[in-house]
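Taking it in order: structure first as structure tokens, then the write-up.
Every number here is computed from the coordinates shown, using simple stated rules; none is lab data. All figures in this text were calculated on a predicted structure; none of them were measured in a lab. Don't worry about glycine lacking a Cβ; one is built from the backbone with ideal geometry, like all the others, and counts go over all protein chains shown.
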Amino acid sequence: MGWTAHGTYPRAVPQNRVVVLAPVGDPILEQLVAAATSDAAAGEVTPPLTPGDGWTPERVAWLRRFHVDRRAGLKGEAHEVTWAVLVDGHVVGGARLAHVGLDKELEVGMWLTRQARGSGVGRLALALLLEQAAAGGFVSIRADTSPSNAAALTVLRNQGFTCSDSPDGRVHAQLALRGGTENTE
């Protein structure tokens, strides 16, 4: 699951909206599943487990398992941590950081509901993820997306990521983090 907050759905965002990354405990997990299945295509949230882009019992089960298996955080078996993206207390997406490759490198991923796209939520959530990574002592973060995901590419570039096409047909993005000191995770 890569950076998948694509598409632009213009929404007015009042300046006083609050974007939060919340740990995915049981009550939040059910809200996250409800948000995904009601306002995001399955292919934007899960791998291609079943044909088509619709939600199936297999995809819903995978989504639940994915978040439950990552509750132990970066030091857990999955080496990944997930959050629900909340706007004013309502779940509008999911976000993750995964320990990959080098010792101090992470991968970031995110998906947003259709209603949240184009409103600045992705930019704010990514900024929170970058703060988490730097506070954990990580020095590099990467993401990947499809070349057609203009919204994600704009958010990544605006946060300072260098984006480049790769032989696998994806766009790989890389950012050196400032302020990483020691890995506290």
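Could you work out [θ]222 nm for the chain from helices alone, using -39500 (n - 2.57) per DSSP H run of at least four and dividing by all its residues? Round to the nearest 500 deg cm²/dmol.
Estimated from H runs of four or more residues: -9000 deg cm²/dmol.
Which of Ala116, Ala22, Leu74 sits closest to the plus end of the dipole of the chain, meaning its Cα is farthest towards the positive end, when Lys and Arg get +1 and Asp and Glu get -1 on the C-beta?
About the Cα centre, the residue reaching furthest to the positive side is Ala116.
Which loop GluC sites (Glu not before Pro) in region 15-97, with loop taken from DSSP, have no more than 16 other Cβ atoms within 10 angstrom of their Cβ?
Here the sparse-neighbourhood loop sites are Glu77.
5 Å is the cut-off here: which amide hydrogens, built 1.01 Å from N in the peptide plane, fall below it relative to Gly118, excluding neighbours closer than 5 in sequence?
HN-HN under 5 Å from Gly118: Tyr9.
Once amide H atoms are placed 1.01 Å from N in the peptide plane, what residues at a sequence separation of 5 or more from Gly93, or on another chain, have their amide H within under 5 Å of its amide H?
Close amide H contacts, sequence-distant or interchain: Val85, Thr113.
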